[in-house]
Structures are given as structure tokens and as C-alpha cells.
Amino acid sequence: MERIGATMDVADGPWELIVAGMRSFLDACEEPAVKQISLIDAPAVLGWPEWREIDNQHGLGLTRMALQGAVDAGDIRPVAVEPMAHLFVAALSEAAFVIAHAERPRRARAEVEEALVQLVEGLRA
């Protein structure tokens, strides 16, 4: 999360912050240690509810901040930020699992990135 936050810190504006954060998260999902520990072992060891709570503790705040900034700047349509943040974190989590369990992770990453960009493009003002 620190690395994702650092990537977001250098974004040129609120919209770029959302896209940069998303891409940084997807980059992390391709790393073998992150994939194994965070996406395969942790859900199995901790159980889904606890893993989900940890995921929300770390990603939800950044997502909420990014969405609120984009709404405030007029980069995305006015939305209910709290539920949208939860839905976006869920979409990112599912994208992570798709990458982690894919036979061809690079291809899966490209496909989920395209889908996520299309998803957030639907929020553009």
C-alpha cells in the first residue's frame, strides 16, 4: 500500500491519481511474493471475512480519498463516494484474484486493467 500511495502522490490530477493507483495495485498483484502471500495464502489462512477486513483497512481509505478528490475537481460525476469506494475496492480485489489464479498472468492483468479502466471511464464527468 505504501508503494501504491507513493505512485498516487506523483499523479498530475485526481483522474490520473485514480488510474495510477489502480495500475500500481495491478503491478503489485503480479509480484510473486504478493501473489502468494496476499492473494493465495492469506485468504486461506485468515478466512474470507478477516482477509476482506484487512483489505478494506488498507485500500478503502486510499480509494475513498481518490474518488472524493475526483468528484471535488469535477473529473468524475457526483457519486456517493462511500459505496462507490467499496465497489471499486471489490472490483480491484476480484481483478487481483483473476491475475493470481490465471494460467497466463500477464494476459489476465492486461484484460482486467482494460476492464477496470472502462469501468472508471463510466464515471467521467
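Here are a few things to note about the model shown:
- Pairing residues of the stretch 83-99 that are in contact (Cβ under 8 Å) with a residue 40 or more places away in the chain with residues that are open to solvent by less than 30 Å² (accessible area, probe 1.4 Å) and of a type in the set (Gly, Ala, Ser), at Cβ distances under 7 Å and at least 6 apart in sequence or on separate chains, gives Leu92/Gly59; Ile99/Ala108.
- Residue within the stretch 43-63 that is surrounded by fewer than 19 Cβ atoms within 10 Å (Cβ to Cβ) and among the aromatic types (Phe, Trp, Tyr) present: yes
- Matching residues in the stretch 8-42 - criterion: being crowded, with 18+ Cβ neighbours inside 10 Å, in contact with a Leu (Cβ under 9 Å, 6 or more places away or on another chain) and at pLDDT below 85: Met8, Cys29
- Filtered residue count, the stretch 51-89, keeping only those that are modelled with pLDDT of 90 or more and either over 24 Å from Asp12 (Cβ atoms) or in contact with a Cys (Cβ under 6 Å, 6 or more places away or on another chain) (or both): 5
- With respect to the conditions (1) out of contact with any strand residue (DSSP E or B) (no Cβ under 9 Å at 6 or more places or on another chain); (2) surrounded by fewer than 15 Cβ atoms within 10 Å (Cβ to Cβ), Arg77 falls short on a single one, namely (1).
- Selection over the stretch 102-118 of residues that are free of Cβ contacts under 8 Å to residues at least 40 places away in the same chain and surrounded by fewer than 16 Cβ atoms within 10 Å (Cβ to Cβ) gives a count of 9.
- Filter pass, Leu87 being hydrophobic (A, V, I, L, M, F, W, C), in a helix (DSSP H, G or I) and open to solvent by 20 Å² or more (accessible area, probe 1.4 Å): yes
- Taken together, the criteria place Ala70 among residues that are aliphatic (A, V, I, L, M) and more than 15 Å from the chain's Cα centre (by Cα).
The values are calculated or read from the model by the stated rules, or taken from the named source; none is laboratory data. Bear in mind the structure is a predicted one, so any value in this text is a computation, not a measurement. Quick reminder, even Gly has a Cβ in these numbers, built from the backbone with ideal geometry, and neighbours come from all protein chains shown. The accessibility values were calculated without ligands, DNA or RNA, using every heavy atom of the protein model including side chains. Shrake-Rupley method; radii C 1.70, N 1.55, O 1.52, S 1.80 Å.
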